[in-house]
Amino acid sequence: SENSLTESFGVKIFHGLDKLLSENLDYCVIAAPTGFHKEIAVEMLNAGVHCLIEKPVATDIKSALEVQSAAVKNSRVVGIGHIERYNAAIRQLKRKLQSNELGKIYQISLVRQGPFPSRVAGVGVVRDLATHDIDLSMWLTESQYSSISAQTSKIKTLEFEDLVSITGRLKNDVVVNMVTNWLSPYKVRSIVVLGENGAFHADTLNSDLTHYRNGTSTTSHDVVAHFRGLVEGGVTKFSFEKIEPLLLEHENFRDHLTGKSSEIVTIEEGIETIKISDAIIRIGKTGESEKF
């Protein structure tokens, strides 16, 4: 029963947003299927309620801009739930890139694949999974896309794509590669950032971060030396506190609303991700490219 599901948490179930809004909410978390994000968010914002919306903002750029317009009109805050930004390994990686430990960044490669998630409804793999990595590629490198090309395939259904391969270039000249699908029998969440001082590898499934440095040793064997190029140097696997990402995401949004120092994903950043995902879906069938 409904009561048995909620009584241990001391919370209520409301049948309809009007009944929920009678509780005089400060803010809400919108975790409905993506197709309902705009409708719920606009109603909440018009009622004066701040919103943390699970990513992506909405199903397309037009709907996302309507949410932004409602937020501006009502002077309310909208945060986007790009939870991977709060993964401990990603946060460590961001700090190390900001402190220039990798030097100049050349390329970021992101792989996100696994079995089909039964919770998904109304969107394809670009909206559901690739939006994580579209956001991370821009946030980690502190840049935006100048061009992008993509290939998609519809294998399970005729309505939405199940697989996407993406190649892009950022405005700071970093090359981006993404492989995303929900067709794989095993799960991978991998980010490799390649730069002049080696490579960082983040495994967000286990919140692990490893730095592979360029080596300085040489070989006297002329034939081998000709082919080897860079050699492997020291490898460091970092140890750090691994806080639950969802908890951290919610704490940051709460703190932002109370004026404390915090990090949220803004509606503007969410819209930029939607803009890129819209382009990927448009060009995915043809393999063409778009410039921004």
Checklist entry - Where a ≥ b ≥ c are the square roots of the eigenvalues of the C-alpha gyration tensor, would you call segment 107-185 rounded, which needs a/c under 1.5, or, failing that, prolate if a/b is larger than b/c, or oblate? => result prolate
Checklist entry - What is the distance in Å between the Cα centres of segment 88-163 and segment 18-35? => result 28
Checklist entry - What accessible surface, in Å², does a 1.4 Å probe find on VAL123, ignoring ligands, DNA and RNA and rounding to the nearest 10? => result 20
Checklist entry - Given N residues in the chain, what is Rg(Cα) / (2.2 N^0.38 Å)? => result 1.12
Checklist entry - Tell me, what % of the accessible area of segment 95-218 is carbon and sulfur with a 1.4 angstrom probe? => result 49
Item to check | Spin-label proximity, SER165 to segment 106-125 - amide N less than 16 Å from point 7 Å beyond Cα toward beta carbon | outcome: 109-113
Item to check | For segment 1-109, radius of gyration divided by Kirkwood radius, i.e. Rg to Rh on alpha-carbons | outcome: 1.11
Checklist outcome for this item: Between LYS12 and LEU247, Cβ-based FRET efficiency (R0 30 Å, step 0.05) works out to 0.85
Next on the checklist: Between GLU23 and SER289, what is the label-point separation in nm under the 7 Å Cα-to-beta-carbon projection?
Outcome noted: 5.0
Checklist outcome for this item: Measure of exposure for ARG282: accessible area at 1.4 Å probe, Å² rounded to 10, is 140
Next on the checklist: Could you put TYR106, TYR145, TYR27 in order of accessible surface area, largest first, with the 1.4 Å probe and the full protein assembly present?
Outcome noted: TYR106, TYR27, TYR145
Next on the checklist: Nearest 10 degrees is fine. How inclined is helix 37-46 to the longest principal axis of the chain, computing both from alpha carbons?
Outcome noted: 60
Checklist outcome for this item: With no solvent term and unit scatterers on the alpha-carbon positions of segment 139-292, Debye gives log₁₀ I(q)/I(0) at q = 0.13, 0.15, 0.18, 0.21 Å⁻¹ of -0.91, -1.12, -1.29, -1.34
Next on the checklist: What do you get for the angle between helix 131-141 and the principal long axis of the chain? Use alpha-carbon atoms, 0 to 90 degrees, nearest ten.
Outcome noted: 60
Checklist entry - Where does each of GLU263, GLU272 land when they are ordered by accessible area, with a 1.4 Å probe and the largest first? => result GLU263, GLU272
Checklist entry - So how far apart, in nm, are the two label points at ARG282 and GLU43 if each is 7 Å from Cα heading toward Cβ? => result 3.2
Item to check | Set LYS55/LYS171; LYS104/LYS187; LYS96/LYS260; LYS96/LYS242; LYS73/LYS171; LYS154/LYS285 screened for pairs whose C-alpha atoms are more than 20 Å apart | outcome: LYS55/LYS171; LYS104/LYS187; LYS96/LYS260; LYS73/LYS171
Item to check | Residue-normalised accessible area of the chain, given per residue in Å² at a 1.4 Å probe | outcome: 52
Checklist entry - Debye sum, Cα scatterers, segment 45-175, no solvent: what log₁₀ I/I(0) at q = 0.11, 0.20 1/Å? => result -0.50, -1.29
Item to check | Degrees, to the nearest 10: 267-283 long Cα axis against longest axis of the chain | outcome: 70
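The values are calculated or read from the model by the stated rules, or taken from the named source; none is laboratory data. Predicted model, so just to flag it, every value in this text is computed and none were measured. Neighbour counts run over all protein chains shown; Cβ positions are idealised from the backbone, glycine included. Ligands, DNA and RNA are stripped out before the accessible areas are found, and what is left, the full protein with its side chains, is counted by its heavy atoms. Shrake-Rupley method; radii C 1.70, N 1.55, O 1.52, S 1.80 Å.
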